[in-house]
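Reading through the structure tokens given below for one structure.
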Amino acid sequence: LYNTIEEPNVVIVLDPSLAGFLPVTRGLRADGLLIINSPEPPDAVRRALRWESGTVSTVPATRIAVEHLGRPVTNTAMLGAFFAATDLLPLEKVTGVVRATFTGHYPEAVVEGNLRAMRDAFQKTLLG
């Protein structure tokens, strides 16, 4: 079964270059949340995208991933940003799930790097 999401509550943009040519806010609810991998402050992203409603959240996820993982793999950094912006679960609960999921599948250094990236992104996420 395939369904399209036409009015999302949250849009997460891992690749900031997409925001330059794709309508990343199309359909995003007026009270929605846009989380974008960007070193820019939320108000600058809002102006660039001409999105006047909802909340914009930014985090320099690529920089964080390179710092902690040595590669621009932003998945866990953006996961940290999501939980910082939404406050749905405490960070330590999320880190426990990520640790349990990754342990045994990846070397311990990779697990720890991902956890550091997630925590760092959680702390560096800006809302506006």
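Any read-out appearing in this document is the output of simple, stated calculations on the displayed coordinates, not a laboratory observation. Owing to the predicted nature of the structure, the values given are computational and were not obtained by experimental measurement. Methodologically, a virtual Cβ is constructed for each residue, glycine included, from the backbone with ideal geometry; neighbour enumeration extends over all protein chains shown.
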Taking the dipole of region 13-128 about the Cα centre (Lys, Arg +1; Asp, Glu -1; charges at Cβ), the one of His105, Leu91, Ala44 that reaches farthest to the positive side is Ala44
Given the chain, what percent of its DSSP beta bridges are antiparallel, to the nearest 5? 15 percent
Ignoring GluC sites (Glu not before Pro) that are buried or in helix or strand per DSSP, and keeping those with at most 12 other beta carbon atoms within 10 Å, what is the longest stretch of the chain between them? 53-128
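By how many nm would the segment from Ala48 to Leu89 lengthen if fully extended, with 0.36 nm per residue of separation less the alpha-carbon distance? Each step should come with its number before you reach the end.
Values: separation 41, 0.36 × 41 = 14.76 nm, distance 3.03 nm.
Separation in residues times 0.36 nm, less the Cα-Cα distance, equals 11.7 nm.
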If you count, for each residue, the other Cβ atoms within 10 Å and average over each peptide, how do 60-66, 98-104 line up from highest to lowest? 60-66, 98-104
Please give the charge dipole size of region 10-127, origin at the Cα centre, charges +1 on K and R Cβ atoms and -1 on D and E Cβ atoms. Round to the nearest 20 debye. 180 debye
Between Glu112 and Thr4, how many nm apart are label points set 7 Å from Cα along the C-beta direction? 4.7 nm
Computed helical MRE - 222 nm, the chain, DSSP H runs ≥ 4 contributing -39500 (n - 2.57), nearest 500: -14000 deg cm²/dmol
